[in-house]
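The next block holds one structure in the form of structure tokens; read it before the comments.
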Amino acid sequence: MGRHEVGHIENSMKVPLNNGHGCRFEGEFSINKVPGNFHVSTHSATAQPQSPDMTHIIHKLAFGAKLQVQHVQGAFNALGGADRLQSNALASHDYILKIVPTVYEELGGKQRFSYQYTVANKEYVAYSHTGRIIPAIWFRYDLSPITVKYTERRQPFYRFITTICAIIGGTFTVAGIIDSCIFTASEAWKKIQIGKMS
């Protein structure tokens, strides 16, 4: 939100794992609707670890409210399941997110708002003139000026009638072709039988 906040005590939870050699981080916070970033690092630690390990798994990263609609397939959790446990422990990870506003309009006209996103990522070990830079996991985001809108609609009744007529017409056409083939074959068979008798 236009400032560098360290710690994020509110709405976050850090659970130590693996005898203190790792942690599970869960958090929820607000961001402005302008390009920006947030990151996970050891920058706020009173004493920096000798060999920080930034390998990770992302279980969920979502923006806005979750849309729970049956037939909407979208990238609401595009990073869900991202596994970087086999990457270089000293590497920083950069996730570039393009956030797309999404609107879902129900039959009754009620609208629900959420966000989808696409992601590109890179992994690198950064150095400066003083040596290796402390690794971090960066999430850099930008909002798309385009909105995706899903609208729920019923098929009009005339579409149903047209479909029924097409099915009935197709059935009669196929039946006519089959009848014509059978009739032609039986006439040819009769001619062959007459030719044998004479």
*Here is a list of conditions, (1) open to solvent by 90 Å² or more (accessible area, probe 1.4 Å); (2) modelled with pLDDT of 85 or more, and residue 57 meets all of them except one; can you say which number that is?*
(1)
*small (Gly, Ala, Ser), under 30 Å from residue 64 (Cα atoms) and surrounded by 12 or more Cβ atoms within 10 Å (Cβ to Cβ) - does that describe any residue in segment 136-148?*
yes
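Take residue 91 and tell me if it is at pLDDT below 90 and closer than 20 Å to residue 58 by Cα.
Numbers: at pLDDT below 90: yes; closer than 20 Å to residue 58 by Cα: yes.
In short, yes.
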*Out of segment 19-54, which residues are within 32 Å of the chain's Cα centre (by Cα), at pLDDT below 80 and open to solvent by less than 50 Å² (accessible area, probe 1.4 Å)?*
22, 42
_Criterion first (open to solvent by 80 Å² or more (accessible area, probe 1.4 Å), in contact with a Lys or Arg (Cβ under 9 Å, 6 or more places away or on another chain) and in contact (Cβ under 8 Å) with a residue 24 or more places away in the chain) does residue 123 satisfy it?_
yes
_Cβ-Cβ under 6 Å pairs, at least 6 apart or on other chains, segment 148-165 side farther than 13 Å from residue 107 by Cβ, far side of a type outside the set (S, T, N, Q)_ = 148/100; 149/103
*So which residues in segment 97-120 are of a type outside the set (S, T, N, Q), within 11 Å of residue 79 (Cα to Cα) and in contact (Cβ under 8 Å) with a residue 40 or more places away in the chain, if there are any at all?*
97, 117, 119
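The values are calculated or read from the model by the stated rules, or taken from the named source; none is laboratory data. Note that the structure is a prediction, hence the values are computed from the model and not measured. We place every Cβ from the backbone using ideal geometry, glycine too, and count neighbours over all the protein chains shown. Only protein heavy atoms, including side chains, enter the accessible area calculation; ligands, DNA and RNA are left aside. Shrake-Rupley method; radii C 1.70, N 1.55, O 1.52, S 1.80 Å.
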